[in-house]
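Take a look at the structure below.
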Amino acid sequence: MKQPSFYLGEGKFTQKGPISRDIASQITGKYPIDGIDEFVKSLPYAERKNLFRKRDSDQIIKDGFVRGCTDSGLVFITLARIKGFPAAYVETLEEGFLQEPTRNTVEGHIFADVYSDSAWIPYNPGHGRTEKEGKIYLFKNRRKYVEMARGLDFSELFVGGESKPIELATVDQIRQLAQR
């Protein structure tokens, strides 16, 4: 795994823009990560076509809504980094998808690992801290999600200790990656 300081950087979709900086400056208190999570939770969900993985954190905040866990994760991670907390974007796949080779629909989720007090703390952005057992993240409904990759955001994901980012394009490529 990369050093925590790496996760203070910016990805293409987690740039520390003026809108994000303004929101981060308004989050105060003893536990800023909780304030960040509350802000993310306050953004309403809206079903919008053609926006999946198209907006950065500033645009999501400006638009005033999230389209799903990717948007929530981008905003959460960007704000955490602005507040000085290393935060990793964690791409996961639902355990059932990995166990059923005939499923053609990928079901994943985005989590964030925040480095604080010399430890990585798992978060489900907009839903608070979550449980983690090794590379398994537990969703609030106890569904299990397996970590596949982590990075600055989805534009730069790393598997294990690999030094170059990966691209996930097809269900078959995802299944191959899961077998590593």
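Just so it is clear, none of the values below were taken in a lab; they were calculated from the coordinates. What you are looking at is a predicted structure, and each value in this text was computed from that prediction instead of being measured. Cβ placement follows ideal geometry from the backbone for every residue including glycine, while neighbour counts extend to all protein chains displayed.
Considering only alpha-carbon pairs that sit under 8 angstrom and 6 or more positions apart, the relative contact order computed for segment 4-178 is 23 percent. Legend: distances between Cα atoms for 2/41; 30/132; 2/49; 62/132; 62/140; pairs beyond 30 Å are 2/49; 62/132. Based on alpha-carbon atoms, the Kirkwood radius and the radius of gyration of segment 4-178 give Rg/Rh equal to 0.95. Annotation: lysines with alpha-carbon distance below 16 angstrom to residue 12 (same-chain offsets under eight excluded): 54, 164.
Restricting the trypsin sites (Lys or Arg not before Pro) of segment 92-134 to loop positions (DSSP other than H, G, I, E, B) with no more than 14 neighbouring Cβ atoms within 10 Å leaves 103.
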